[in-house]
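Shown next, in structure tokens, is the structure this report addresses.
The values are calculated or read from the model by the stated rules, or taken from the named source; none is laboratory data. The shown structure was predicted, so the numbers you read here are calculated from the model rather than taken from an experiment. Cβ coordinates were reconstructed from backbone atoms using ideal geometry, including for glycine residues, and neighbour counts include every protein chain displayed.
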Amino acid sequence: MQPILKKRLVCPDKHKVGVIIMASAEKEIKIRPMESRDINAVLAVYDKIREEKIPGTKRSRLSYRGTMTYEEVASTNLGGPLDLSFVAEVDGQVIGFIWGRLAFAGIPVDEVGIIHMIIVDPDYQRQGIAGRLVNALAERCHARGVNTVRAVIDERHWELQNYFQKLGFRRSELVIYTRTSKS
């Protein structure tokens, strides 16, 4: 793998961060805020990784999660004041994304950035793209005065837990309980 070069784009709007990553002399990977026009491409990346099996098992990486729909993504108000979502693209094609939101959470209650999902196309994994998506989200939080970023990770997904620990995240003392509403 060739070295990755990084250029930071300065934008007059301090809340919009753009980063271009040069993966090689031929391909550049651009990190930018997710927009509604990206939804179909995001769903295609999601579906591709949903079908991928964990090596040595018959289980999919996202076997615990059902399908994600256009309506689910569109309902998050992409580009709105609470949105922290970004995409990674090569030659205009979305190859990864991070889905995040601002929220009030914790004890004491504080404004935090929440990472709900991060996915990179298997053909582009192990190139630092996921880390750059996390950094773009963290930079957006910092620009807004938000000092804490949390990642929501399935407790059975050890690979992802280890990855976030390598990025500097630590296991929280918060425990989340879930109750489904009655139909």
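The table below lists the values:
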read-out	value
Criterion violated by V134 - all others in (1) assigned to a strand (DSSP E or B); (2) at pLDDT 95 or above; (3) of a type in the set (V, I, T) satisfied	(1)
Inter-residue pairs, beta-carbon under 7 Å, first over 17 Å from I98 (Cα atoms) and in the stretch 147-174, second surrounded by 11 or more Cβ atoms within 10 Å (Cβ to Cβ), 6+ apart	S172/R150; L174/G106
Tally of residues being aliphatic (A, V, I, L, M) and not in a loop (DSSP other than H, G, I, E, B) across the stretch 137-160	6
Residue list for the stretch 93-131, filter: more than 21 Å from V42 (Cβ to Cβ) and either assigned to a strand (DSSP E or B) or in contact (Cβ under 8 Å) with a residue 24 or more places away in the chain (or both)	F104, A105, G106, I107, D110, E111, V112
Residue that is closer than 13 Å to F164 by Cβ, modelled with pLDDT under 95 and among the β-branched types (V, I, T), where the choices are I107, I118	I118
Residue selected from the stretch 92-141 under the condition among the acidic types (D, E) and surrounded by fewer than 18 Cβ atoms within 10 Å (Cβ to Cβ), by the criterion nearest to T76 (Cα to Cα)	E111
